[in-house]
1. Of all alpha-carbon pairs in the stretch 131-259, indicate the percentage at a distance above 23 angstrom.
2. Below 8 Å between Cα atoms, with a sequence gap of 6+, how large is the relative contact order for the chain in percent?
3. Relative to the longest principal axis of the chain, what angle (0 to 90°, nearest 10) does the C-alpha long axis of helix 227-239 take?
4. Among the lysines, which have Cα under 25 Å from the Cα of Lys54 when same-chain residues fewer than 8 positions away are ignored?
5. What are the radius of gyration and Dmax of the stretch 202-290, computed over its Cα atoms and given in Å?
6. For the Cα atoms of the chain, what angle does the longest principal axis make with the long axis of helix 278-288, in degrees from 0 to 90, nearest 10?
7. Pull up the cross-link candidates among the lysines for Lys162, meaning alpha carbon to alpha carbon under 21 Å and not fewer than 8 places away within one chain.
8. Among DSSP beta bridges lying fully in the chain, give the percent that are antiparallel, nearest 5.
Amino acid sequence: MKLTDLSTIREIMSRHGVSFQKKFGQNFLISPQVPVNIAEAAVETLNSCAAPGKRGILEIGPGIGTLTRELSSRADKVVAVEVDSALIPILDETLADCPNTRVINQDILKTDLAALIESEFLSEGYSVAVAANLPYYITTPILMALVESRLPFESITVMIQKEVAARLAAHAGDADYGSVTASLAYYGSVERLFNVPAGCFVPAPKVDSTVIRINLYKTPPVSVRDEQTLFRVIRGAFAQRRKTLANSLRTEFPKELIPGALEAAGLPADIRGERLSLEDFARLADALSQ
Ligand code: SAM
């Protein structure tokens, strides 16, 4: 069964009485090479990690199982979390010959990630990476939940909207640089792997996609007195993008603290938030948490 064939997808979905659910961001892959490339990029990080052993993959949103099958043939175990219960009977069929793969019918944002990863992977000695063709409507919440969980993922390889990928991979001073970019930089480095045109999906979305890989740090690249203050500084810096950093930070900190903190961090009084690197944010956070 070739799950990237349009006729196969239509046949299997109509036989199960299932239609595409826009509300779940369902755009299924119809390009055979793309799921292969995503699976290889994800599993590669498990082969080359410090302690290679049993390779585990957490997939988010398996759909009808197209990427899941490629993951299943390259990893030792795959756990796929799918919110749409209508797809579960299809996955039972398309993954029937993948005994190393388990599907869980849950919303990933309501899943106890720590408990899932511990019971399915860590307790059994697996190293683990994440792979997904993410639903566009919740890309950022899913990525932030994954990194903020502090679980020992080797990497997170995901297909996301091209514009969002540009934002996540931006550097200080780029037009696309924002609070998610700076926050994510605390947890890992973002690699843009390849672009995927809208025509590689059914139904075709209105936008193109990019596959990115987030290589997670074992320890953060900057050390701060208080992480929550760092994230408040980043949030405050971008709260009012048209204003200077000093003015925008007033959304998060008392205004009388700001000039002294900027000076202590070695930053000009009139600098704008988008010019600050993670190191700058870290110095400023330490000055503000004194
Ligand atoms: N992996 C398939 C592929 O590449 O063809 C489908 C990808 S489709 C873009 C996104 C998938 O995520 C859909 O199957 C959708 O039902 C599922 N999904 C959407 N929201 C979800 C959530 N909160 N938790 C888990 N899965 C979700």
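1. Pairs farther apart than 23 Å: 39 percent.
2. 15
3. The helix 227-239 is inclined about 90 degrees to the chain.
4. By straight Cα distance, Lys54 reaches Lys77, Lys218.
5. 16.2, 55
6. Between the helix axis and the principal axis of the chain, the angle is about 50 degrees.
7. Answer for Lys162, where 21 Å is the Cα cut-off: Lys22, Lys23, Lys206, listed by chain and number.
8. Just about 45 percent of them are antiparallel.
The values are calculated or read from the model by the stated rules, or taken from the named source; none is laboratory data. Since this is a predicted model, take the numbers as computed values, not measurements. Neighbour counts are summed over all protein chains in view; Cβ atoms, including those assigned to glycine, are modelled from backbone coordinates with ideal geometry. Note: areas computed on protein heavy atoms with side chains; ligands, DNA, RNA excluded. Shrake-Rupley method; radii C 1.70, N 1.55, O 1.52, S 1.80 Å.
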